[in-house]
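Peer 1: Supplied in structure tokens, the structure appears directly below.
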Amino acid sequence: MAPKGFLFSTVEAAVKKPGRQDIALIVSAVEADMAGVFTTNVVKAAPVKICMKKIVSGTGQAIVVNSGNANACTGSQGTKDANEIISSVSRESGIDRSLIYIASTGVIGRPLPMDRIRQPLKTLAKDIGNATLDDAAKTIMTTDTFPKVVHKRLKIGDTGGTISGICKGAGMIAPNMATMLCFILTDFAIGKKTLSAMLKNAVNKSFNRITIDGDMSTNDTVLMMANGLAGNKPVTAKSTELAKLQKAVDEITYALAELVVKDGEGATKVVEILAKGCRSEKDAEKAAFSVANSSLVKTAIYGNDANWGRIICAVGYSGISFKEEKADIYFNNVRIVKNGLANNKDKEATEVLKSKKIRITVDLHSGKASARVLTCDLTEEYIRINAEYRT
């Protein structure tokens, strides 16, 4: 179901430990237009620095990615190792080095085990086409418990095409961007500037609005490739079909973002925080993130405790201005707070919290702006996973 002209390969290199495929290669049959969004963390992994330089060209043809090791905080050796991997893929595939992007995910601060990686790399490009997009999604997993893949078929004009996305992410998730790797592929033709703007818009409304634990990674990377093999007239800023295509990309990234939250380390519930009735979208974002990042709110949700006091408290320290006596709070459709006071609906709200997917709405009745943020509950399992991450 992957878009036309994209091929995949995976190998086992025991990057962290043996027993699983841990290096994947994604190749377009032809040179593609390319866009990317990367972590805003001051500390950036070697692959991120390399990709940020390459993406200026707006073109690419391949992505090589490993799991198990982030190749972050590894100094000049990390850059040398990343470039060696790119050179190896280039040699074996015949694709120019400048068109090959690289990504890594896993433990920070450890050099890549190049002695174990070199030999498998030789077969990676030769075996291109022997794996699927689903295989690639499995290969990039770290603490993820399931692969994250989303497809969307649509027509641009009279031309049918596909947009597919894979991502990994379960912990160290905070906005700008959330900790993850994401690769979006399409056979539609999209102009370089339009592709870049489209991806940034989609990321701002999806991956930049999820939070699991408030920690931002060194490796966050979203890359989108458009190879044009569907045969449509290239979509540009002036195209009548631009809004339709943007909506499809938005839906792909939001669906992937929701899967990341669903798979949050130790999570048992997906929680959407909707802040509405705010004076500006910026205020709404601040309020929603303040609630979503509150450990007290997240543990209460895990414990099925409709403790709305923790929610109003989080909005109160978010830094926005509002009147407490106007605030309403809903758990799904149950209004537990009306005009800043308890509404005697604790029992009904507690029943809502027993669901696997919950929406908490905070309506401040101060304006017309709104924003939604995805998060999850906080459990004992999250502590166990992260206490043992390097072992």
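All of the numbers you see were taken from the coordinates with simple rules; none came from a lab. Given the structure is predicted, the values throughout are model-derived calculations rather than measurements. Glycine gets a Cβ as well: all are built from the backbone with ideal geometry, and neighbour counts include every protein chain shown.
Peer 1: Which of the listed residues, THR40, ILE190, TYR254, is farthest toward the dipole's positive end in the chain, when Lys, Arg count +1 and Asp, Glu count -1 at the beta-carbon?
Peer 2: In the chain, that residue is ILE190.
Peer 1: Hey, another quick one. Which semi-axis lengths, in whole Å and largest first, follow from the square roots of five times the eigenvalues of the Cα gyration tensor of region 182-279?
Peer 2: 29, 16, 12
Peer 1: When you take every Cα atom in region 54-204, what is the radius of gyration, and what is Dmax, the widest Cα pair distance, in Å?
Peer 2: 16.4, 50
Peer 1: Next question. Once label points are set 7 Å from the Cα along Cα→Cβ at both SER280 and LYS238, what is their separation, rounded to one decimal in nm?
Peer 2: Taking the two extended label points, one gets 3.4 nm.
Peer 1: With +1 on each Lys and Arg Cβ and -1 on each Asp and Glu Cβ, and nothing else charged, work out how big the dipole of region 6-262 is about its Cα centre, in Debye to the nearest 20.
Peer 2: Around 340 debye, computed over region 6-262.
Peer 1: When the Kirkwood radius is taken over all Cα pairs of the chain, what Stokes-Einstein diffusion coefficient follows at 4 °C and 1.567 mPa s, in µm²/s?
Peer 2: The estimated diffusion coefficient comes to 60 µm²/s.
Peer 1: If contacts are Cα pairs under 8 angstrom and at least 6 residues apart, what is the relative contact order of region 238-374 in percent?
Peer 2: 37 percent
Peer 1: Among ALA45, ALA292, ALA371, determine the one that fluctuates most according to a GNM of the chain built with springs between C-alpha atoms less than 10 Å apart.
Peer 2: Taking springs between Cα atoms under 10 Å, the residue moving most is ALA371.
Peer 1: Quick one: length gained pulling ALA29 to ARG91 fully straight, 0.36 nm per residue minus the C-alpha distance?
Peer 2: 20.7 nm
Peer 1: For a bin width of 10 Å, list the pair-distance distribution of region 270-387 built from all Cα-Cα distances, rounded to whole %.
Peer 2: Here the calculated profile for region 270-387 is 15, 49, 28, 6, 0.
Peer 1: How high is the relative contact order of region 6-262, in percent, with contacts defined as C-alpha pairs under 8 Å that are six or more residues apart?
Peer 2: Result for region 6-262 is 23 percent.
Peer 1: Using the structure shown, select from LYS282/LYS345; LYS49/LYS138; LYS44/LYS233; LYS80/LYS238; LYS244/LYS326 the pairs with a Cα to Cα distance greater than 32 angstrom.
Peer 2: Exceeds cut-off: LYS44/LYS233; LYS80/LYS238; LYS244/LYS326.
Peer 1: Excluding ALA257 itself, what net charge comes from residues whose Cβ is under 10 Å from its Cβ, given Lys and Arg +1 and Asp and Glu -1?
Peer 2: Counting the neighbours of ALA257, the net charge comes to +3.
Peer 1: Could you pull out every whole DSSP H run in the chain that spans at least 20 Å of Cα extent along its own axis and averages -0.5 or higher on the Kyte-Doolittle scale?
Peer 2: 242-262
Peer 1: Could you calculate the contour length gain from LYS193 to VAL42, that is, 0.36 nm times the residue separation minus the distance between their Cα atoms, to one decimal place in nm?
Peer 2: Stretched fully, the LYS193-VAL42 segment lengthens by 51.8 nm.
Peer 1: Also, I was wondering about something else. How much length, in nm to one decimal, is gained on full extension between LEU296 and THR132, taken as 0.36 nm per residue of separation minus their Cα-Cα distance?
Peer 2: 54.9 nm
Peer 1: Which Cys residues of the chain have no other Cys Cβ less than 4.7 Å away and so no disulfide-compatible partner by this rule?
Peer 2: CYS51, CYS73, CYS278, CYS313, CYS376
Peer 1: Also: Tell me the mean residue ellipticity at 222 nm calculated for the chain from its helices only (DSSP H runs of n ≥ 4, each -39500 (n - 2.57), averaged over every residue, nearest 500).
Peer 2: That comes out to -9500 deg cm²/dmol.
Peer 1: Right, something else. For region 1-158, what relative contact order do you get, as a whole percent, if you take Cα pairs closer than 8 Å and at least 6 residues apart?
Peer 2: The value is 30 percent.
Peer 1: For an R0 of 51 angstrom, estimate the FRET efficiency from the Cβ-Cβ distance between LYS53 and ASN304 and round to the nearest 0.05.
Peer 2: 0.55
Peer 1: How far is it, in nm, from the label point at MET114 to the one at ASP158 when both lie 7 Å from their Cα along the line to the Cβ?
Peer 2: With each label placed 7 Å out from Cα toward Cβ, I get 5.4 nm.
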